[in-house]
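Okay, so here's the structure we're looking at.
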Amino acid sequence: MSDNALIKVTNLKKHYNGGKVKALDGVDCEIEKGEVVVVIGPSGSGKSTFLRSLNLLEIPTDGQIVFNGADITAPKTNINKHRQKMGMVFQHFNLFPNMTILGNMTCAPVKILKKSKKEAEEKALELLDRVGLKDRANAYPSQLSGGQKQRVAIVRALCMEPEVMLFDEPTSALDPEMVGEVLEVMKNLASQGMTMVVVTHEMGFAKEVGSRVIFFDEGVIQEEGTPEEIFQNPKSERLKSFLSKVLI
Amino acid sequence: MESFKMLFLELKELFFELKDVFILCFIDDNRWEWLVEGFVNSILITVLAIVIGLFFGIVLAAIRSSYDKNEESLKLRGGAGYILLKILNGVAKVYITVIRGIPVVVQLMIWYFVILVTQDNDIVVAVVAFGFNSAAYVAEIFRGGIMSIDNGQFEAGRSLGFNYVQTMIYIVIPQTIKATLPTLLNEIIALLKETSVAGYVGIMDLTKAGDLIRGRTFEAFMPLIAVAIIYLITVVVLTKVFSIIERRLRKSER
């Protein structure tokens, strides 16, 4: 194990119905600082469950997750502290509809990090400016397009200054013409050295931005490697058949 | 011409008759004061019962929805927390079942003649009876509201680092209140009208006041219509106030 590992996953399992359904069946994985890990695989392969397990939105049935040197799967861990350092972006954005964009972005820094409202708002506006939405700061989520909502969701997570960003199919719920603007924000984030774990069907993004690609099937990692290895020289039959079915 | 005059005289007679009945029912012996006292008591019982109902109802809803939402993860993590919550959830369920299964007037009599038989202040007994009755209904309204909020809201809150209680307070509950406001108004209106059975244990509420006037004057129409109109106006005013609040809250989303 290298000393650089930010997240170390050992033998992660998630079973439902007393073991009848095995969403994750023994996953081992290390994620280093600055890596952009792209997780691909057919639906139902466990890739979303894997991502959601990383910040314990899914409680694993078995296995260990070490984040920043701390075993977050241990029963005594204060998971809230660790979640602050793991930003998460959801498929359906999950912005808070009763708050303005600025309210969405400042509530956690103010309430959890005890930042002053002014400080939190300055930071939020700076981030909004970077994604081109500064003029929508006082709008409500319902007034934004899907692409705008997702960009806000990304910067909302960034307001907590996370060490890793988890993306759960961030572009799957978007109209096709809005996918680009969200991927652009993610590319920028990657180029700034943010550690990212991205579950996605955007193979173009995986090729271009990913430093490593993980292929999930039937709850385990079937194959992993650099984008070249995965897309040019797939080894397993499963991956070959998966790639033959998706548009690249 | 002659018939018009007859009609006019008849109307005049009717008017004076009504005036006499009105004076008999409300002015003589200052009987209108009974209605005022009854109205004040009805409102007092309703308001205090709502306070108890809301507070206790939210506690019950918090227990029930926490259990429903976290059953799986708590079971996995195990420990005393899971067992405690399971017991509390069981108690809450039994409470809600019992309260909803018994007519409120029977509950009121049980409180009055059995449990709080030493309590001298009848209003207190009524507040307790109606408050704890209402709590069961409020609990289910809030639980439904909490469960109706998309789980993604909850997950977004948790993923930002809020703990369970903070997520509830800052993110879920504000949205729940907005969603449950119309149903909550329904419960308050129902409660106001339910307090009309307080007369069963001799409490001078609005209904009882009207009934007392009827018994004293042998006039049924005037006092009962007066009582009906007072209830109606109160409910209309309540509805108006709530629709203003609702519109204010909704403005934030448009």
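What follows is calculated from the coordinates using simple rules that are stated; it is not laboratory data. Computed from a predicted model, the values in this text were never measured in an experiment. Ideal geometry is used to build each Cβ from the backbone, glycine not excepted, and the neighbour counts take in all protein chains shown.
Please get the size of the charge dipole for the protein assembly as shown, origin at its Cα centre, with Cβ charges of +1 on Lys and Arg and -1 on Asp and Glu, quoted in debye to the nearest 20. Walk me through the intermediate numbers first.
On the way: 55 positive and 56 negative charges, 124 e Å.
Result for the protein assembly as shown is approximately 600 debye, rounded to the nearest 20.
Throw me the Rg/Rh for the protein assembly as shown, computed over C-alpha atoms with Kirkwood Rh, two decimals.
Details: Rg = 31.8 Å, Rh = 27.3 Å.
We get a ratio of 1.17 for the protein assembly as shown.
With 10 Å bins from zero, work out the P(r) of chain B over every alpha carbon pair and list the percent per bin.
Computed distribution, short to long bins: 6, 23, 25, 20, 13, 7, 4, 2, 1, 0.
Count the lysine pairs in chain B whose Cα atoms lie under 14 Å apart, taking only pairs 8 or more positions apart in sequence or on different chains.
Numbers: B:Lys69/B:Lys86; B:Lys75/B:Lys86; B:Lys178/B:Lys251; B:Lys193/B:Lys208.
Final tally of qualifying lysine pairs is 4.
Which percent, to the nearest 5, of DSSP beta bridges fully inside region A:99-232 are antiparallel?
Numbers: 5 of 10 bridges.
Expressed as a percentage, antiparallel bridges in region A:99-232 total about 50.
In Å, the Kirkwood hydrodynamic radius of chain A over pairs of distinct alpha carbons? All intermediate terms of the calculation are to be shown ahead of the outcome.
Values: mean 1/r = 0.0535 Å⁻¹.
18.7 Å is the Kirkwood radius here.
Write out the trypsin sites (Lys or Arg not before Pro) in region A:68-97 meeting two conditions: DSSP loop, and at most 15 other Cβ atoms within 10 Å of their Cβ.
Values: sites: A:Lys76, A:Lys81, A:Arg83, A:Lys85; in loops: A:Lys76, A:Lys85.
Within region A:68-97, the qualifying trypsin sites (Lys or Arg not before Pro) (loop, at most 15 other Cβ atoms within 10 Å) are A:Lys76.
Among DSSP beta bridges whose residues both lie in chain A, state the antiparallel percentage, nearest 5. Working shown, then result.
Values: 21 of 38 bridges.
For chain A, the DSSP antiparallel bridge percentage is about 55.
Placing unit charges on C-beta atoms (Lys and Arg positive, Asp and Glu negative, everything else neutral), compute the dipole magnitude of region B:109-244 about its Cα centre in debye, rounded to 20.
On the way: 8 positive and 10 negative charges, 44 e Å.
So the dipole magnitude of region B:109-244 works out to roughly 220 debye.
What's the local net charge at A:Ile72, with K and R +1, D and E -1, over the other residues with C-beta under 11 Å away? Mind showing how you got there, number by number?
On the way: positive: A:Lys8, A:Lys76, A:Lys81, A:Arg83, A:Lys85; negative: A:Asp71.
Taking every Cβ under 11 Å from that of A:Ile72, the sum is +4.
Hey, if you put +1 on the Cβ of every Lys and Arg and -1 on every Asp and Glu Cβ in the protein assembly as shown, which of B:Ala156, B:Phe22, A:Gly147 ends up farthest toward the positive end of that dipole?
Among B:Ala156, B:Phe22, A:Gly147, the one farthest towards the positive end of the dipole of the protein assembly as shown is B:Ala156.
Sort out for me the Cα centre separation of region B:1-55 from region A:223-248, rounded to whole Å.
The two parts, judged by their Cα centres, are 85 Å apart.
Near A:Lys123, which aspartates and glutamates are there with a Cα under 13 Å away, not counting those fewer than 8 places off in the same chain?
Excluding near neighbours in sequence, the set is A:Glu161.
So between A:Asp28 and A:Ala173, what do we pick up on full extension, going 0.36 nm a residue minus the alpha carbon distance? Before the final figure, lay out each step's value.
Numbers: separation 145, 0.36 × 145 = 52.20 nm, distance 2.91 nm.
So the chain would gain 49.3 nm between A:Asp28 and A:Ala173.
What is the distance in Å between the Cα centroid of region B:78-130 and that of region A:142-165?
Each part's Cα centre sits 46 Å from the other's.
I want to check the label-to-label distance for A:Val21 and B:Val241. Put each point 7 Å from Cα in the C-beta direction and report it in nm to one decimal.
4.8 nm
Given 0.36 nm per residue, what is the gain on full extension from B:Arg250 to B:Lys86 after removing their alpha carbon distance, in nm?
Details: separation 164, 0.36 × 164 = 59.04 nm, distance 3.61 nm.
Separation in residues times 0.36 nm, less the Cα-Cα distance, equals 55.4 nm.
About its Cα centre, how strong a charge dipole does region A:3-72 have in debye, to the nearest 20, once Lys and Arg get +1 and Asp and Glu get -1 at the Cβ?
Charge dipole of region A:3-72: 380 debye, to the nearest 20.
When only DSSP loop residues count, what GluC sites (Glu not before Pro) in region B:135-228 have their Cβ near at most 16 other Cβ atoms within 10 Å?
On the way: sites: B:Glu140, B:Glu155, B:Glu187, B:Glu194, B:Glu219; in loops: B:Glu219.
Listed in order of number, the matching sites are B:Glu219.
Can you compute the FRET efficiency between B:Lys12 and B:Val36 using 1/(1 + (r/R0)^6), with r the Cβ-Cβ distance and R0 = 25 Å? Round to the nearest 0.05.
Numbers: r = 31 Å, r/R0 = 1.24.
My answer for the efficiency is 0.20.
Compare the Cα positions of A:Ala23, A:Pro75, A:Asn11 along the charge dipole of region A:6-155 (+1 at Cβ of Lys, Arg; -1 at Cβ of Asp, Glu; about the Cα centre) and return the one farthest towards the positive end.
Of the listed residues, the answer is A:Pro75.
Within 10 Å of each Cβ in B:149-156, how many Cβ atoms from other chains are there, averaged over the peptide?
Details: counts 1, 3, 2, 6, 5, 2, 8, 13.
Average per residue, whole number: 5.
Which whole-number percent gives the relative contact order of chain B, counting Cα pairs below 8 Å spaced six or more residues apart?
Values: 231 pairs, mean separation 72.9, N = 254.
Result for chain B is 29 percent.
Among A:Gly193, B:Val117, A:Ile59, which residue has its Cα positioned farthest towards the positive end of the charge dipole of the protein assembly as shown, with +1 placed on the Cβ of Lys and Arg, -1 on the Cβ of Asp and Glu, and the dipole taken about the Cα centre?
A:Gly193
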